Amino acid sequence: MGGCVSTSSRSNCSTRSRGEAVSPTCFDIGCCGSNRTKRTFSDHVFGLQHLPSVPNRIFTNGKSRSSCIFTQQGRKGINQDAMIVWEDFMPEDVTFCGVFDGHGPHGHLVARKVRDALPLKLLSSLHSCQSRQNGSGQTCFKGSSKKKPDGGDPEKEVSAEERLTSLWREAFMKSYKAMDKELRSHPNLDCFCSGSTAVSMVKQGSDLFMGYIGDSRAVMGSKDSNDSMVAIQLTVDLKPDLPREAERIKKCKGRVFALQDEPEVCRVWLPFDDAPGLAMARAFGDFCLKEYGVISMPEFSHRLLTERDQFIVLASDGVWDVLSNEEVVEIVSSAPFRSSAARILVDSAAREWKLKYPTSKMDDCAVVCLFLDGKMDTESDYEEQGFSSATLQSYHSGNAGESDDGGNKSEPSLQRNFTVRSSEESGRLCPEEVEGNGDTVADEDQNWSGLEGVTRVNSLIQLPRFSEERPNQ
């Protein structure tokens, strides 16, 4: 599943035939409407190798019609964060956004793999679920449950909205399961002690559908009744200190406790070894812990957007560790140009790391800013402030070039990632168990001796002793 995607930014569902408008409200790919030539999902497919050439899909520092994205490497080694905005993900005002924070010796590869493959699996799962749900595939659901002006039955409209939400929920669940299954069986990517978070979002008209695992977060900037900007958190950080997460892990014989030197950080440990100390309860990969309660099943949510909702920020924990939701919303809303908002936010996080944790190593940061009115800066906006579009392009793109695979050219090798500590550091365990879990990080080519400075919250503590001689999966 997930190896295919529409090659057109508009399918037959949204184009005109014989001069007549065709209903744009279906989310299948050319399979609704009984009077047109039927086209199968495979008619619009291509391989992963063609993804970089897909129009309106950005995954490196830059901007699109309605968004800007920016990532910056921390001081722990190679940048393990990945991000994506895919406009025209499906016909008629459907956009996919995601941020993925990798951890472990191959975390950067896992995050990029998920970035590329998960959207395709979501499309494939949606197509499969819709075909089964609709039978003939001719029923199209609208993206919002508003009453028709001609007096249509509102109960039927609500029912259609519920079916739409159910369809997306099932698609998210299936695609996340398929993604983790692919990582487990991948012949060239070892995910035994490496993994990634994911916060993914689909905006379809005024409907917002989200699926997420790990501790990457989504926050929305919205105006209240006084026209003041407020922050609304859209996701929950799925960490081991959540009671239901800790309960599931303990039922599976995993252990949840914190270290003495960081009693506020709950982690997941193997039942027979004080490793790896994963700082999250759900993640892609991390198969050393999948039998002990860590899962890849996402939390799903649906929200109906209003005119008061202004923008959505998706970011990795390198941002949330040092900035509050309110601070993030204030920074984005006050950016002089929308196209520079993501970079300004990352720059602000970098400054906060230096001020709040001067002896720590700054974590990687990745930010996606999606503006819900679908607008970005115009040339006149730049000119009014004395900037040229070329200057702004240079600004929001950053000075650290990224290769096509998302890695920084200045960091070709994987250096020590401070999400893993030395064995001496990990020996100081808190005597009292608490609810929580953590991420696993490791580098097979590096000596895991302590270096000066540690990150505020390390995703992993150390590799399991059997990680190099893992059983056949």
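Accessible surface comparison of Arg217, Arg132, probe 1.4 Å, protein chains only, largest first: the order is Arg132, Arg217.
Considering only alpha-carbon pairs that sit under 8 angstrom and 6 or more positions apart, the relative contact order computed for region 258-299 is 28 percent. Placing pseudo-labels 7 Å out from each Cα toward the beta carbon at Thr306 and Ser334 gives an inter-label distance of 2.6 nm.
The spacing between region 86-135 and region 201-244, judged by their C-alpha centroids, is 18 Å. Among Lys121, Lys354, the order of accessible area from largest down is Lys354, Lys121, computed with a 1.4 Å probe on protein heavy atoms. The label-point distance for Lys251 and Leu189, in a model that sets each label 7 Å from Cα toward Cβ, rounds to 3.0 nm.
Within the assembled protein chains, the solvent-accessible surface assigned to Phe287 is about 10 Å², based on a 1.4 Å probe. Test of understanding: extend the Cα→C-beta vector of Asn56 to 7 Å, then name every residue of region 72-112 with backbone N under 11 Å from that spot. Output list for this probe position: 86-96. Inter-label distance, Leu355 to Met173: 4.5 nm, where each label sits 7 Å from its Cα along the C-beta direction. Taking every protein chain into account, the 1.4 Å probe leaves Phe100 with about 0 Å² of accessible area, to the nearest ten.
Classified by the C-alpha gyration tensor, region 244-347 has a prolate form. Its axis ratio a/c, with a ≥ b ≥ c, is 1.5 or above, and a/b is larger than b/c. Sorting Met376, Met201 by solvent-accessible area of protein heavy atoms yields Met376, Met201, largest first, with a 1.4 Å probe. For Lys223 and Phe272, the difference between the fully extended length at 0.36 nm per residue and the C-alpha to C-alpha distance is 12.6 nm.
The values are calculated or read from the model by the stated rules, or taken from the named source; none is laboratory data. Everything quoted here is computed from the prediction, not taken from an experiment. We place every Cβ from the backbone using ideal geometry, glycine too, and count neighbours over all the protein chains shown. Surface accessibility is based on the protein's heavy atoms, side chains included, excluding ligands, DNA and RNA. Shrake-Rupley method; radii C 1.70, N 1.55, O 1.52, S 1.80 Å.
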